[in-house]
Amino acid sequence: MPLHNQITKHVTPTDKTAVNDSIDDIDEILRNYTVNLTPEERQKYGSIDEKNKLFANKIMDYRTSEPGLCSPQVDWTEFEADYADRVTIEAWINRLNSMVVMLRNTKILHDYDNYHNGLVDYKYTQYMAGSEAGGYEVKRDELSQFFKQSNGEAGGEDSAVDGGGTPPEG
């Protein structure tokens, strides 16, 4: 067995179903509270930068510690609800981003395994095609399109596997 298997733990069908169901549940819940902005709206409303987040936090600090100093023209119930949602959503985003990084890293290893084991299979196919075993020439010819030689043409028998060409991008 080739030594190209960097990751050998695989998602079970039960866990695939559980994750998909959980994502569906989260999606359904969030649809009640989220808004899709157009590119123009995104540009218009923008995103407050770190300095302005600190400003909003300081306003909330004053609201909490010295409410008598706060403007009566502000709907403070709405301000506090916006603030709480902003903090909650930011925490969710951070958690989800962390999960996305973990998933991307895991996918990279699965991609690596597939690609490098594919190279082993391609080299075997090249060998068998050279021995004139039935069916391997067609397979080799179809796979060689993924390997370009430095002159831009499809690679021959040794183009990518032995370093003579550019391997497919992954």
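The numbers here are math on the coordinates, done by the rules we state, and not lab data. Bear in mind the structure is a predicted one, so any value in this text is a computation, not a measurement. Virtual Cβ from ideal backbone geometry, glycine too; neighbours counted across all protein chains shown.
Quick notes
- Ranked list, fewest to most other Cβ atoms within 10 Å of each Cβ, for THR14, THR125, THR64: THR14, THR64, THR125
- The 3J(HN,Hα) values that the Karplus relation (6.51, -1.76, 1.60; θ = phi - 60°) gives for segment 6-13 are, in residue order, 7, 9, 10, 8, 10, 6, 6, x Hz. Gly and Pro appear as x.
- Within a Gaussian network of the chain (alpha carbon springs, distance under 10 Å), most fluctuating of ASN94, ASN36, ASN117: ASN36
- Selected from VAL101, VAL120, VAL19 as most flexible by GNM, with the chain as the system and alpha-carbon contacts under 10 Å: VAL19
- The angle between the Cα long axis of helix 76-130 and the longest principal axis of the Cα atoms of the chain comes to about 0 degrees, rounded to the nearest 10.
- Converting phi to 3J(HN,Hα) with the Karplus coefficients 6.51, -1.76 and 1.60 and the offset θ = phi - 60°, segment 133-147 yields 6, x, x, 6, 5, 5, 4, 4, 5, 5, 6, 5, 5, 7, 10 Hz in sequence order, with x at every glycine or proline.
- 222 nm mean residue ellipticity, helices alone, for the chain (DSSP H n ≥ 4; -39,500 (n - 2.57); rounded to 500): -21500 deg cm²/dmol
- Here the chain is treated as a Stokes sphere of Kirkwood radius computed over C-alpha pairs; at 20 °C and 1.002 mPa s its diffusion coefficient rounds to 97 µm²/s.
- For segment 43-48, Karplus couplings with θ = phi - 60° (6.51, -1.76, 1.60), whole Hz, Gly/Pro x: 5, 5, 7, x, 9, 6
- Short-range pairs are left out: with C-alpha atoms under 8 Å and at least six residues apart, the relative contact order of the chain is 19 percent.
- Principal-axis tilt of helix 50-65 within the chain, Cα atoms, nearest 10 degrees: 40
- Listed by chain and number, the lysines whose C-alpha is less than 19 Å from the C-alpha of LYS139, apart from same-chain residues fewer than 8 away, are LYS123, LYS148.
- Built amide H within the under 5 Å cut-off of LYS148, gap 5+: GLY155, THR166
- Exposed loop positions in the chain were taken to be GluC sites (Glu not before Pro) whose DSSP state is not H, G, I, E or B and which have at most 14 other beta-carbon atoms within 10 angstrom. Between these positions, the longest stretch is 1-131.
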